[in-house]
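A short write-up of the structure that comes next.
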Amino acid sequence: MKSLSFSSRDIVCGLLFILVGLFFAMQAYGLELGTAFRMGPGYFPFVLAGILILLGIIVIIQGTQIEHEPMGPIAWRGMLFILPAPIFFGLTVRGLGFVPSLFLTALIAAFASTKMRPGMALLLVGGLTIFSVVVFSYALGLPFRRFGPWLGQ
Amino acid sequence: MELFNNLVLGFTTAGAPWNLFFCFVGVILGTLIGVLPGIGATATIAMLLPITFQLEPVSSLIMLAGIYYGAQYGGSTTAILINMPGESSSAVTAIDGYQMARKGRAGAALAIAAIGSFFAGTVSTILVAVFAPPLTAVALKFGSAEYFSLMIVGLVSSIALAHGSVVKALGMVVLGLLLGLVGTDIYTGTPRFNLGILELSDGLNFVAVAVGVFGIAEILRNLENEHDRDVMIKKVTNLWPTKQDWKEMTAPILRGTAIGSALGILPGGGAILASFASYTVEKRMSKTPQEFGKGAVAGVAGPESANNAGAQTSFIPMLTLGIPANPVMALMIGAMIIQGIVPGPNVATEQPALFWGIIASMWIGNLMLILLNLPLIGLWVKLLTIPYYMLFPAIIAFCSIGVYSVNSNVFDLYAVAFFGLIGYVLAKLRCEPAPLLLGFVLGPLLEEHLRRAMIMSRGDATTFVTRPISLTLLLLAAAVLVVVLLPSIRKKRDEVFVED
Amino acid sequence: MRNTIISLVATATFALASSTAFSQGYPERNITMVVPFAAGGPTDTVTRLVAETMSKDLGQQILVENVGGAGGTLGASQVAKAEPDGYTLLLHHIGMATSATLYRKLPYDTLNAFEYVGLVTDVPMTIVAKKDFEATDLKGLVEYVKANADKISLANAGIGAASHLCGMLFMNEIKVPLVTVPYKGTGPAMTDLLGGQVDLMCDQTTNTTKQIKGGTIKAYAVTSAKRLDALPDVPTVAEAGLPGMQVGIWHGIYAPKGTPAEVTQKLSASLQKALKDPNIIARFAELGTVPVTDDEATPAGLKAKLESEVARWKPIIEAAGQYAD
């Protein structure tokens, strides 16, 4: 017999579908829906958003019928360091230039792991930067500025 | 015999030492760049395109074609090793290939992918040589109504991609479809769902979404609990496929080749479906569908063959019509134009050496790849023995460079971070990324063809059932749906889900 | 006209002389030329040909950077914001002028955000139809279209594309609104024209010449002032009775506002030299286009062109009522 406890996983998932569906539905409703001959930009997404909301409701209903499973640990430290790394690269690659920006990006990412020691990180990231500069900047000739205007060049 | 003479001409051209050299260089460059995480074939070609401008036209195109296959091999390698697909096709390979790698069977998975691709490459090269013109005529019969129906088949069968809940898989497809619509409506120029961000007016970048939901999310999952779970270093059991593997991969490779070759000739987006379609077919035909998603050999062999076959036959519309079937072909056409060859229906007669040389080089390139890649498997597998905490900073760095290099657009990097977060949340909720990506690539196509078909028929929806090809496809979709919804299969599925 | 040339040459010489004092030996490092479209497209092709030839003359490499997106406006706005030091340039086509009207919220002011280097080339368009289309000449085409307006579909490669502009111009000229079918790029549009799924299109010779020669589509007219060497049998729009259809996809090189005149003059002189390079002439000819004359490949030439084109397209786009944002 399946227990009747709610699966928090499915509730969250269903709610997520419903919320995203509502967002798209509202946005699409603001666009022109059009006719079958000349469908407007809102027509197709509006239908899809409706389907997504419906699926979200089904997921929640099913969630009440399935055994509960633990969510497991969450990678807070990972998120804290991994996710900002590409953002940092985006913010600095033009200003600082390719070399320093890549170095710092990889350095930030490296600290996502508890096993990483500072010395090791510097060594690893340094090697990685040299490799990337040789491959992407020199060998492939990508039009990156190696050192950017923020460094007075 | 004309074909024979043509092939001789082709192999003499492609076999000239200089051209062999460039084919080899292309294949190596493609593999090396493609193997960097987050960089797929399109990004690789875009990056390497300028290098080829200095060469003779034939050499340049042979090298570009080499880069293309090389990058696809390389892309599959990262999909298998670190769950990081750089193209929609390798997203499918990642599902079972990565699971095989986690079981210590990375070597076998890579070998299966290489062998499948080579076989598919050989067969489809012959197809291109023999049937290019008649196949083109078939492809031109596909109007928007037909494409729409084809996409419906793809969509219905996508449910098989998931090994968990059907409803969640459908939800992910729909979510993907919606994300694919972000950008500018091509019919009216109206911006949609872009939150007022100008960078979103051409939609979300595929590589950014794929790298985020697959790769970054996987890194985060691996960082959840570093002490209990040593990520990759499960003992590598064997580098080569076992006898059992060979038995399991033969039929999927044959079917995958057939599916990929057929879909690849359709310039309006057929090749996109190749690997997804093959995966669906294999899962349906398998006696052990519950193994799919947990490292099934057929789940690597079929899609990889289909993908490579589709990649080869997608040269058909380019070579016979001068029309690009995908972004890579568009880049190749650009390269031809820069080389002073304007691709069009007359290339085969005006430049026979070039035309047949490229076809011959396709096979030579595939041969080189398998010779190059089989010995490399040992090396790739060794990569996995590098401690994970040292590997992932490199993955992040290469992803950032790769994503940025395509359009020099920093916004794509923000999208990587955003979709990394989304992918992680979805993974925690047991929602799988593969159906989402399929939806993402199909979304714009589905809407585009639906609306265009309706415009062409002046609003008459019966156009989908009065056109014979379209009707056949819709019936096929209905058949797939019936199979999926058959109660017996539903039951099996639920068992699998509970087991999870 | 002759006076302008003389004065321009004089300015150029003066500029060159004074630049030795001002920006000594520009360029001293690599120059980035932004193309606001993806690699491999027709504009990218033009850019790479020009960049390569100008690199030889300037003694520094011109790197081509593809910044695609939003009909070219992303790349243009990036250059508008760049340092005005002559090391970031933009090569853009007619879209520079039309996006001023197509986009109501541009992040830059089209007419005031750039310095001008010069015009590069002017690619003509062709009015084409599917292979088995009834009409035999442009007059017949117009009559047929007028009689069967509700059955004809006119393809284009998306809002703001050359084929979209030309299609608007065509409907404007014959005063008949048609059902337009937008595609995502020229490739798919051409596929459907080849397959007979749509009837008409008006697109750049870059995309149509090979198909016309191959007999896979029918050509009715070219939109240039003179017939093209590549398509000698196709009449001009003026000959065929629609003189108002004369239009070209012109390309120009821009620099951020505030770039020293010495720099733009030097670049313009280099551009003029590049446009006389036999390789460029040959490649352009294969694309069905020719380099512009010396007096157009100048800052003044481009400025005049941009201003007149912004004014020309504004009413046409507004009449069509389709915007890209």
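General remarks:
- A 1.4 Å probe run over the protein chains yields, for chain B, 31 Å² of accessible area per residue, whole-number rounding.
- For segment A:136-144, putting each phi into the Karplus relation 6.51 cos²θ - 1.76 cosθ + 1.60 with θ = phi - 60° gives couplings of 7, 7, 7, 5, 8, x, 5, x, 9 Hz, in residue order, rounded to whole numbers and with x for Gly and Pro.
- Pairwise centroid distance, computed over Cα atoms, of segment B:289-355 with segment C:151-189, Å: 28
- Residue-wise HN-Hα coupling along segment C:305-322, computed from phi with Karplus coefficients 6.51, -1.76, 1.60 (Hz; x: Gly, Pro): 4, 4, 5, 5, 6, 4, 5, 5, 7, 3, x, 5, 5, 5, 5, 6, x, 10
- For residues of A:9-18, the mean tally of beta carbons on other chains within 10 Å: 5
- Entry comment: accessible area of segment A:8-63 is 46 Å² per residue, from protein heavy atoms only and a probe of 1.4 Å.
- When A:Ile87, B:Ile159 are compared by accessible area at a 1.4 angstrom probe, the order from most to least is A:Ile87, B:Ile159.
- For C:Leu63, distant residues with modelled amide H under 5 Å away: C:Ile31, C:Thr32, C:Met33
- Listed peptides C:200-212, B:132-144 by packing density, highest first (mean Cβ within 10 Å): C:200-212, B:132-144
- Distance (nanometres) between label positions extended 7 Å along Cα→Cβ at C:Glu83 and B:Phe53: 2.3
- Amide N proximity, segment C:166-180 versus B:Arg458 label position 7 Å along Cα-to-Cβ, cut-off under 15 Å: C:177-180
- Whole-number percent relative contact order across chain B, with pairs defined as alpha carbons under 8 Å at least 6 apart: 29
- Residues in segment C:124-245 average 35 Å² of solvent-accessible surface per residue, probe 1.4 Å, ligands and nucleic acids excluded.
- Vicinal HN-Hα couplings computed from phi for segment B:135-143 (Karplus, 6.51 cos²θ - 1.76 cosθ + 1.60; Hz; Gly/Pro x): 5, 4, 4, 5, 4, 6, 6, 7, x
- Rolling a 1.4 angstrom probe over chain A with all protein chains present gives an accessible area of which 75% lies on carbon and sulfur atoms.
- Computed [θ] at 222 nm, helices only, for the protein assembly as shown once each DSSP H run of length n ≥ 4 contributes -39500 (n - 2.57): -20000 deg cm²/dmol
- For the residues of A:105-116, the average number of beta carbons from a partner chain within 10 Å of their own beta carbon is 6.
- The B-A contact accounts for approximately 6200 Å² of buried accessible area, totalled over both chains at a 1.4 Å probe radius.
- Listed residues C:Val176, C:Val117, C:Val50, most fluctuating in chain C (Gaussian network, C-alpha, under 10 Å): C:Val176
- All C-alpha to C-alpha distances of chain B, sorted into 20 Å bins beginning at zero, yield P(r) values of 24, 59, 16, 0 percent in whole numbers.
- In degrees, nearest ten, helix A:98-110 long axis to first principal axis of chain A (Cα): 60
- Summed residue charge, Cβ within 11 Å of A:Ala36's Cβ, Lys/Arg positive, Asp/Glu negative: +2
- Interface C:B - total buried accessible surface [probe 1.4 Å, Å², rounded to 100]: 3700
- Estimated FRET transfer efficiency (C:Glu239, A:Lys115; beta-carbon r; R0 60 Å; 0.05): 0.20
- Using a Förster distance of 25 Å, the FRET efficiency for B:Phe21-B:Leu379 (Cβ separation, nearest 0.05): 0.60
- B:Leu476 paired with A:Ile130, simple spin-label distance in nm, labels 7 Å along Cα-to-beta-carbon: 5.5
- Euclidean distance of C-alpha centroids, segment B:1-76 and segment A:73-89, integer Å: 37
- Amide H contacts under 5 Å for B:Thr184, placed H, 5+ residues apart: B:Arg192, B:Gly203
- For B:Met84, residues with placed amide H under 5 Å, excluding near neighbours: B:Ala79
- Angle between chain A longest axis and helix A:118-132 axis [Cα atoms, degrees, rounded to 10]: 90
- Protein accessible area in segment C:124-245, 1.4 Å probe - carbon and sulfur %: 49
- Residue-averaged beta-carbon neighbours from other chains (10 angstrom radius) around C:70-76: 4
- A Förster radius of 30 Å, combined with the Cβ-Cβ distance separating B:Ile386 from A:Leu80, puts the computed FRET efficiency at roughly 0.80.
- Degrees separating the helix C:2-19 axis from the principal Cα axis of chain C, which is the longest one: 40
- Chain A, relative contact order [Cα under 8 Å, separation at least 6], %: 23
- Stretch gain in nm, segment A:Thr35-A:Leu19, where the contour uses 0.36 nm per residue and the Cα spacing is subtracted: 3.1 nm
- Residue list for segment C:199-232, given a label point 7 angstrom along the Cα-to-Cβ vector of C:Ala135 and an amide N cut-off under 13 Å: C:199-202, C:218-222
- If you run the Gaussian network model on chain C, springs between alpha carbon atoms under 10 Å, then out of C:Gly140, C:Gly86, C:Gly75 the most flexible one is C:Gly140.
- Of C:Leu165, B:Leu475, A:Leu83, the order by accessible heavy-atom surface (1.4 Å probe, DNA, RNA and ligands excluded), from most exposed downward, is B:Leu475, A:Leu83, C:Leu165.
- Mean separation of Cα contacts under 8 Å (6+ apart) over length of segment C:222-262, as relative contact order %: 32
- Solvent-accessible surface, computed for protein heavy atoms with a probe of 1.4 Å, shrinks by 30 Å² or more for the following residues of segment B:117-155 when the other protein chains are added to the isolated chain: B:Leu140.
The values are calculated or read from the model by the stated rules, or taken from the named source; none is laboratory data. Because the structure is a prediction, the values reported are computed rather than measured. Methodologically, a virtual Cβ is constructed for each residue, glycine included, from the backbone with ideal geometry; neighbour enumeration extends over all protein chains shown. In case anyone asks, the SASA skips ligands and DNA or RNA and just uses the protein heavy atoms, side chains included. Shrake-Rupley method; radii C 1.70, N 1.55, O 1.52, S 1.80 Å.
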